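I have a structure here, written as structure tokens, and I will follow up with some questions on it.
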Amino acid sequence: MRSAARARRPVAAALAALAMLAALATSPRPACADAPPRPHAGAVPLELAQVASATGPELRPTTPDLALAGKRVRFVGRFVSLEPAGDGRWVAVFGDGSARVALRLPGPVDRPDRLDKDRDWEVIARLDAPVSLPDGRGAIAVAPDLLVKTPGPPSVVRPDDVLVELAGANFFDDPKLPPWESEQPLYRMRVLRPGRPGDPVVPGATALAYVDDDRGGRFLEYRGSSRGADGGETAVRCQFRIVDGTLRSIAVGTLRTPPAGEATKDWVDFEDDRFHDRWSARERSFPPNVIASSCLLPAISGFPVGKARLVRFSAWGDNKMPVPLYAYLDGEETIDVRGRPERALRVKIGLDVRESGRSIDVPEKWRDAAEAGSEVWYAGESTWWIAADVPREVLRFRGLVGAPGSAEVEADRVR
């Protein structure tokens, strides 16, 4: 009995921590007529007309006094139309009475035929910014983790629910980068906001190679090194398998050498190893497409341009838990790198809050708290610029180098 009680303690502690996160995300506010509604499962419940009235860069509605830009919201309305908006984007319009909300989506909807115009739909979306459509109409840009579903509890999926999401790929493509080996850094990094002393902020040597085995298998291996602000060094070895033209992350090794003390080694095999789920205290298999955060550089170069505008995957980092993310094409621009202007595709990566909540291994009665806790972890999107032409080398990066609280940097390719 004593050992059983000990086994339950990690679960109880995890659930308690989850409840605290949920409380932070849903803490009550002073009661008043125009007080913002309390978030439910991390999303702010509003009427469609309130979202439709949002104006200005902060997307402030007539009521309540609340900036909606950057927030996940929930509202119910009828589906009105779905139409292309140019550059691979689409516009979905929802209505309630005379009010209309036009949402600009980063890409196409998966199976739009399911959007019946004669029924109510619940829309859960992170609002980004007001935008103008090519025909002059106003709209609101939303993140790619948009969900249109049968109205009901936000974190519950019932057997008869209809769920409509954006169409996307589950793997990056083979990046087809030319092999290289460079003792000199390929990137110059500028710290925008300091983080932890050991965060990698000084790039070092890198290398990339393709390897074929005697059974016809093809592999990509990437190696890189960096130095933290405290002088400690980190070396990483990333292994990928090429399967039908797609990139499959199979293992990552990390060697950390602190400024003082002994070096530590870590090797994770995503195909055969299992990870310890801190929420449930269970051992679980890795999801199909998990990539170490330190191995993203070659993967982003394999964005499936021309085939998909959205890729869903999970990242593996210092927290030792797979974190569901999305990557999507956000546009094209010309940037100055390597001493010249270069055409670049802009790729943004962010936390898929809803999928993060679903991936947490807790009883269904805790699902709302899990999604609310995931919203607390959301720290905005990072931006990657990849060459517009093949090979799509990473030209620039701006964002956090790790989990929330890590250093925010901008890295430019210099050679």
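The values are calculated or read from the model by the stated rules, or taken from the named source; none is laboratory data. Predicted model, so just to flag it, every value in this text is computed and none were measured. A quick note on method: Cβ atoms are made from the backbone with ideal geometry, for glycine too, and the neighbour counts reach across all protein chains shown. Ligands, DNA and RNA are excluded from the accessible area calculation, which covers all protein heavy atoms including side chains. Shrake-Rupley method; radii C 1.70, N 1.55, O 1.52, S 1.80 Å.
Would you mind working out the accessible area per residue for the chain, using a 1.4 Å probe, and quoting it in Å²?
I get 48 Å² per residue for this part.
Hey, another quick one. First check a/c for the stretch 60-109, with a ≥ b ≥ c the square roots of the eigenvalues of its C-alpha gyration tensor; if it is under 1.5, answer rounded, and if not, answer prolate when a/b is larger than b/c or oblate otherwise.
Since a/c reaches 1.5 but b/c is at least a/b, the shape of the stretch 60-109 is classed as oblate.
With a 1.4 Å probe and all protein chains left in place, how much of the accessible area of the stretch 193-263 comes from carbon and sulfur atoms, in whole percent?
Using a 1.4 Å probe with all protein chains present, the stretch 193-263 comes out at 51 percent carbon and sulfur.
Please compute the length gained on full extension between residue 263 and residue 202, using 0.36 nm multiplied by the number of residues separating them and subtracting their Cα-Cα distance.
Net length gain for the segment: 20.1 nm.
Which GluC sites (Glu not before Pro) in the stretch 127-186 sit in a loop by DSSP (not H, G, I, E or B) and have at most 16 other Cβ atoms within 10 Å of their own Cβ?
Sparse-neighbourhood loop GluC sites (Glu not before Pro): 183.
Ordered by packing density, taken as the mean number of other Cβ atoms within 10 Å over each peptide's residues, highest first, how do 307-318, 261-272, 80-91 rank?
Descending packing order for the listed peptides: 307-318, 80-91, 261-272.
With angles folded into 0 to 90 degrees, how steeply does helix 367-377 sit against the dominant principal axis of the chain? Use alpha carbons for both and round to 10.
Helix 367-377 sits roughly 60 degrees off the main axis of the chain.
Also, quick follow-up: Kindly write out, for the stretch 68-81 in residue order, the coupling ³J(HN,Hα) from the Karplus curve 6.51 cos²θ - 1.76 cosθ + 1.60 (θ = phi - 60°), rounded to whole Hz, with x marking Gly and Pro.
Taking θ as phi minus 60°, the curve returns 8, 4, x, 9, 7, 10, 10, 8, 10, x, 8, 6, 9, 6 Hz for the stretch 68-81.
Where does the stretch 105-157 land on the Kirkwood hydrodynamic radius, alpha-carbon pairs, in angstrom?
12.9 Å
Same structure, new question: What do you get for Rg/Rh over the stretch 161-290 if you use C-alpha atoms and the Kirkwood form of Rh?
1.03
Right, something else. In this model, which of 117/348; 149/320; 71/149; 149/307 are farther than 28 Å apart at the alpha-carbon?
From the list (117/348; 149/320; 71/149; 149/307), the Cα-Cα distance tops 28 Å for 117/348; 149/320.
Pull out a ≥ b ≥ c, the square roots of the eigenvalues of the alpha-carbon gyration tensor of the stretch 33-181, then state rounded if a/c is under 1.5, prolate if not and a/b is larger than b/c, and oblate in the remaining case.
prolate
Turning to a different aspect of this structure: Any chance you could list the semi-axes, whole Å, largest first, of the equivalent ellipsoid that the Cα gyration tensor gives for the chain, using √(5λ)?
Working through the eigenvalues yields semi-axes of 36, 28, 21 Å.
Also, quick follow-up: What's the center-to-center distance, using Cα atoms, between the stretch 193-227 and the stretch 93-127 in Å?
The stretch 193-227 and the stretch 93-127 have Cα centres spaced 41 Å from each other.
For the chain, take the longest principal axis of its alpha carbons; what is the angle in degrees between that and the long axis of helix 2-25, to the nearest 10 within 0 to 90?
Value to nearest ten degrees: 60.
Let me ask you something else. Can you give the % of DSSP beta bridges in the chain that are antiparallel, to the nearest 5?
So the antiparallel bridges amount to about 95 percent of the total.
With labels modelled as points extended 7 Å from the Cα through the Cβ direction, what inter-label distance (nm, one decimal) is found for residue 307 paired with residue 87?
Using points 7 Å along Cα→Cβ, the separation is 2.4 nm.
Kindly state, to the nearest 0.05, the FRET efficiency for residue 80 paired with residue 158, given R0 = 25 Å and r defined as their beta-carbon distance.
Efficiency, from the Cβ-Cβ distance: 0.50.
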